[in-house]
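A short write-up of the structure that comes next.
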Amino acid sequence: MAFNLTRRKFLQSASLAAVALPLSKVIASETGVTRSPLEPAGSFKDETVVGGVCEMCFWRCQLVGKKRNDRLVKLEGNPKSIDNGTSICARGNAGIQLLYDPDRLKFPLKNVGERGKPKWKKISWKEALDECGSKLKKVNETYGPQGICMFPHGSTAKYPMHFFERTVGTHNVSEASFFQCRGIRDTAYLATIGMAPGENVDMPNAKAILVLGGHFGENIHISHIKRYVKGLQNGAKFIVVDPRYSASAAKSDIWVKIKPGTDTAFLLAIMNYLVTTKKYDADFIDEYGDGFEEFTKAIQGWSLERAAKECDIPAAQIKEVAIMLAENAPNVSIHPGRHVSWYGNDFQRQRALACLTGLLGAYFVKGGWVPAKGPKVGKISWAKQEHEAAHNLNMNEDEEMRYPFTPPGTPTELIRDTALSGKPYPIKGCVIWGQNPIQTIPGQQKMKDVLKQMDFVMCVDVMPTDVTMWADILLPEVSYLERYDLIKTGTQWDFSEKQQQYIAPRMPLMAPMFERKDQVYITNEIAKRMGYEKDIPVKTIEEMVEKNLAVAGLSLAQVRAEGGIHIQAGKNPYQMPEDFEVLFFNEDIADVGFPGAPTYIPVKDSPAGFARLIYGRVPVHTFNRTQNNVWLNNAMPSNPVWLNDELATKMGLKDGDVVGFINQDGFKSRTTTTVKTTPGIRKDVVYMGHGYGTANPLMSVAVDAGVDDTSLMTKITLDPETGAHGMRNNFVKFIKDGNIIDIPTSA
Ligand code: SF4
């Protein structure tokens with residue numbers, strides 16, 4: 001690794017030099033190895049290209065690209081945007097470094113070594129596609145469509161996902177964005193108000209905002225953070241519930257330093273207090289509530305004192321929160337959260353948040369939950385075929401759903417268990433598209449064992465990741481700056497009276513370099529080789545976007561002429577739909593054996609000597625996807641572990657000490673990080689940023705930097721209603737200089 005270390009230092013110093021120069025002079029060469037000004041003075045040809053849509057995270061801010069001599073050199077927010085405006089975040093700016101990252105995948109590669117210890121051979125696209133098509137066809141013919149599983153992520157994975165789901169006919173598709181992130185939120189709100197909530201809270205107009213576990217400022221999504229900041233500027237009271245003094249907690253009026261896993265108890269006590277003191281919105285419930293009586297009976301045991309004991313916080317503080325919310329109702333934003341797969345009891349917590357919003361009458365009102373849906377555009381994709389043989393793992397022998405409130409797709413753990421046991425059938429072909437299930441899903445060794453037993457594994461990605469080491473064929477995809485793609489729609493960021501909507505198709509800001517291809521080309525070529533040529537819905541990604549835009553009466557040329565974004569009059573977001581209701585008690589949930597009213601399910605405490613490992617986002621990275629970006633790596637190259645300062649003293653640790661970890665199952669972290677001591681964290685938890693510690697040496701900037709928190713999640717817990725993973729149920733001790741150090745959490 002001497003080469004990589006040297007190179008990493010070189011890249012970091014090159015990047016620092018680049019930052020010190022005017023960005024307009026930062027030009028990468030064709031190979032991407034050089035990041036320095038190349039053009040002699042006076043030879044510049046500058047232009048601005050419209051139509052970019054960022055994908056350094058999922059939020060999709062609208063961009064313009066600045067080009068010099070036909071090379072993209074800078075990204076800026078599109079001044080026409082009514083969403084992010086001219087603002088983009090550090091990651092959005094650093095998209096230029098993704099574009100020219102020398103480590104990016106450039107050519108199709110065949111693994112002529114072992115899975116997990118690959119030796120790569122450059123091959124032609126024809127050879128690569130022939131192998132993908134023939135191997136997947138063979139799996140399909142031998143085991144049926146259910147013999148193929150897919151782990152997709154991101155907008156480019158939608159087209160291939162629909163091919164494998166609808167046309168080939170496998171149910172075995174699992175998206176990390178659902179089963180390890182927001183799926184629980186969406187299904188819990190669907191079971192309560194019939195709609196997935198997004199992050200659609202009207203914070204600019206809120207008089208009070210409640211956030212559970214969210215850490216705005218560390219998690220940055222531009223229009224969302226604008227809403228949040230505007231709300232605080234406008235004087236909203238701010239309540240943050242978090243075991244850690246996060247960036248949000250630092251701005252709060254009330255910081256609830258809650259014991260991890262007990263959030264539902266906290267919410268039940270607030271709701272019971274509002275009901276028993278008649279501080280809820282009775283008119284709203286009369287008109288829109290359903291099952292309110294059963295609900296109040298179910299939560300009546302939740303006194304402030306009982307919750308205080310369970311949550312390890314003062315009863316007076318729970319009461320203070322309840323009164324603050326009631327006094328500002330209905331203009332309160334109860335934030336639904338996003339990455340909410342925490343403790344394996346999360347469906348109930350999300351139901352409780354949806355019910356609390358109803359108790360306060362905070363749906364479709366200023367400052368409350370309001371939908372932020374954009375205009376309708378088309379969704380051209382693969383047609384659904386009938387597949388009698390395809391088996392849905394989520395159905396048991398009695399044709400009942402194992403996880404009745406699962407997000408779309410199949411719970412990841414059902415796919416993994418089936419692949420490993422071969423029961424009820426073998427799963428032998430694996431397509432991984434933009435997802436990194438090694439660093440996304442608890443049970444890393446299990447994932448590796450699943451991949452080991454496959455007949456064929458293919459990966460498609462922009463960058464190498466930990467999972468691409470397990471591919472037989474690895475295909476290079478174009479980045480978001482080089483392709484057409486799905487259409488971003490939305491509303492004006494601040495829900496102002498002059499409500500407007502927008503349509504922003506992703507358009508390339510420059511042509512692809514090397515041999516990278518887009519999702520439609522790759523999928524269609526594989527489909528042809530698997531015998532599905534007649535089913536192909538579009539020949540090119542551009543054709544797909546044109547057809548989708550046509551549904552809204554638009555074309556790419558028109559939107560381009562309008563500056564990359566079409567803006568039109570919107571609808572009143574506060575208009576209550578006619579059939580809206582809040583199911584405080586949901587009989588469908590009760591009918592399938594789960595609590596019909598939100599219910600607290602306790603989680604296990606840390607074993608002696610351990611603390612619970614929790615994680616979150618950092619402002620300059622999108623989990624592991626941006627780790628190799630040299631600008632972002634410079635900004636935050638590692639993920640220091642937060643440790644309570646009093647405990648640190650007892651443990652003989654101080655800021656900057658280098659430590660590793662051992663978890664409750666004896667698993668030791670492969671790499672190390674540094675200690676950050678702080679009074680701003682409970683004694684029963686430690687915290688770190690998620691997505692660090694990649695093991696792939698092809699990520700020469702990021703390899704071995706920080707600790708991979710997912711690797712420490714060997715204990716697997718599942719949310720019983722949804723089958724989604726609980727990601728905060730593992731416990732660690734520290735290792736320093738080879739010595740294991742107990743954490744005196746009872747101190
Ligand atoms: S929030 Fe940042 S990374 Fe995410 S889409 Fe916007 S600019 Fe890109």
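The values are calculated or read from the model by the stated rules, or taken from the named source; none is laboratory data. All values derive from a computational prediction rather than experimental measurement. Counting neighbours? That spans all protein chains shown, and the Cβs are built from the backbone with ideal geometry, glycine included. For the accessible areas, the whole protein counts, side chains as well, though only heavy atoms, and no ligand, DNA or RNA atoms are used. Shrake-Rupley method; radii C 1.70, N 1.55, O 1.52, S 1.80 Å.
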Can you figure out the FRET efficiency of residue 668 with residue 608, using R₀ = 25 Å and their beta-carbon distance, to the nearest 0.05? 0.85
Report, largest value first, the span of the C-alpha coordinates of the chain along each principal axis, in whole Å. 70, 65, 64
Which far-off residues, 5 or more places away or on another chain, put their amide H under 5 Å from the one on residue 173, with H placed in the peptide plane? 150, 410
Can you compute the charge dipole magnitude of region 611-741 about its Cα centre, using +1 on each Lys and Arg Cβ and -1 on each Asp and Glu Cβ, nothing else charged? Give it in debye, rounded to the nearest 20. 100 debye
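Could you state the orientation-averaged shadow area of the convex hull built on the Cα atoms of region 458-554, in nm² to one decimal? Present the calculation step by step, with values, prior to reporting the outcome.
Values: hull surface 36.3 nm².
Dividing the Cα hull surface by four gives the mean projection, 9.1 nm².
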On alpha-carbon atoms, Rg over Rh for region 491-544 using Kirkwood Rh? 1.23
Based on DSSP, what percent of beta bridges with both residues in the chain are antiparallel, to the nearest 5? 55 percent
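Residue separation times 0.36 nm, minus the C-alpha to C-alpha distance between residue 45 and residue 320: what's the value? Numbers along the way, then the final one.
On the way: separation 275, 0.36 × 275 = 99.00 nm, distance 6.12 nm.
Length gained between residue 45 and residue 320: 92.9 nm.
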Residue farthest toward the positive end of the dipole of region 47-126, with Cβ of Lys/Arg at +1 and Asp/Glu at -1: which of 77, 105, 61? 105
For n ≥ 4 DSSP H runs only, could you compute -39500 (n - 2.57) per run for the chain, divide by its residues and tell me the 222 nm figure to the nearest 500? -8000 deg cm²/dmol
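Packing-wise, with mean Cβ within 10 Å as the measure, how do 275-283, 658-666, 200-208, 404-412 rank, highest first? Provide the component values of the computation, followed by the final result.
On the way: 275-283: 15.2, 658-666: 17.3, 200-208: 24.4, 404-412: 22.9.
Peptide ranking by packing, descending: 200-208, 404-412, 658-666, 275-283.
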Relative to the longest principal Cα axis of the chain, at what angle does helix 315-328 sit, 0 to 90 degrees, rounded to 10? 80 degrees
So, with points 7 Å from each Cα along the Cβ direction, the residue 742-residue 122 label distance in nm works out to 5.7 nm
Inter-centroid distance (Cα atoms) of region 671-747 relative to region 444-469, Å: 22 Å
Bin all alpha-carbon pair distances of region 667-745 at 5 Å intervals from 0 and give each bin's fraction as a whole percent. 3, 12, 19, 23, 19, 13, 7, 3, 0
Kirkwood-based Rg to Rh ratio, region 348-439, C-alpha trace: 1.09
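Let's test the formula: R0 of 25 Å, r as the Cβ-Cβ distance of residue 287 and residue 500. What FRET efficiency results, to the nearest 0.05?
Efficiency, from the Cβ-Cβ distance: 0.25.
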Mind giving me the FRET efficiency for residue 312 and residue 398? R0 is 35 Å, r the Cβ-Cβ distance, nearest 0.05 is fine. 0.25
Cα axis of helix 519-530 to longest principal axis of the chain: angle in degrees, 0 to 90, nearest 10? 70 degrees
Tell me the Kirkwood hydrodynamic radius of region 238-392 in angstroms, computed as one over the mean inverse distance between distinct C-alpha pairs. 17.4 Å
Whole Å is fine, so just give me how far the alpha carbon centre of region 520-578 lies from that of region 284-357. 40 Å
Could you work out the per residue convex hull volume over the alpha carbons of region 611-741, in cubic angstrom? 119 Å³
Could you tell me which of 695, 443, 613 has its Cα farthest along the dipole of the chain towards the positive end, charges placed at Cβ (Lys, Arg +1; Asp, Glu -1), taken about the Cα centre? 695
Tell me the net charge near residue 309. Cut-off is 14 Å between Cβ atoms, residue 309 excluded, with +1 for each Lys or Arg and -1 for each Asp or Glu. -2
Using Cα pairs closer than 8 Å and at least 6 residues apart in sequence, work out the relative contact order for the chain, in percent. 19 percent
Carbon and sulfur: what percent of the chain's accessible surface (1.4 Å probe)? 52 percent
Taking a ≥ b ≥ c as the square roots of the Cα gyration tensor eigenvalues, with a/c under 1.5 meaning rounded and otherwise prolate when a/b beats b/c, else oblate, which class fits region 449-507? prolate
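Given a 1.4 Å probe, how much area per residue of the chain is accessible, in Å²?
Details: 27010 Å² over 747 residues.
Counting only protein heavy atoms, the per-residue value for the chain is 36 Å².
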Under 5 Å from the placed amide H of residue 61, counting only residues 5+ away or on other chains, we find 54
Estimated vicinal HN-Hα couplings, Hz - region 445-455 in sequence order (Karplus 6.51, -1.76, 1.60; Gly, Pro = x): 5, 4, 4, 5, 5, 4, 5, 4, 7, 6, 6
Check which residues have an amide H placed less than 5 Å from residue 717's amide H, if you skip close sequence neighbours. 726
Calculate how steeply helix 183-193 sits against the longest principal axis of the alpha-carbon atoms of the chain, using the helix alpha-carbon long axis, and give the answer as 0 to 90 degrees to the nearest 10. 50 degrees
Centroid-to-centroid separation of region 585-626 and region 46-64 [C-alpha atoms, Å]: 34 Å
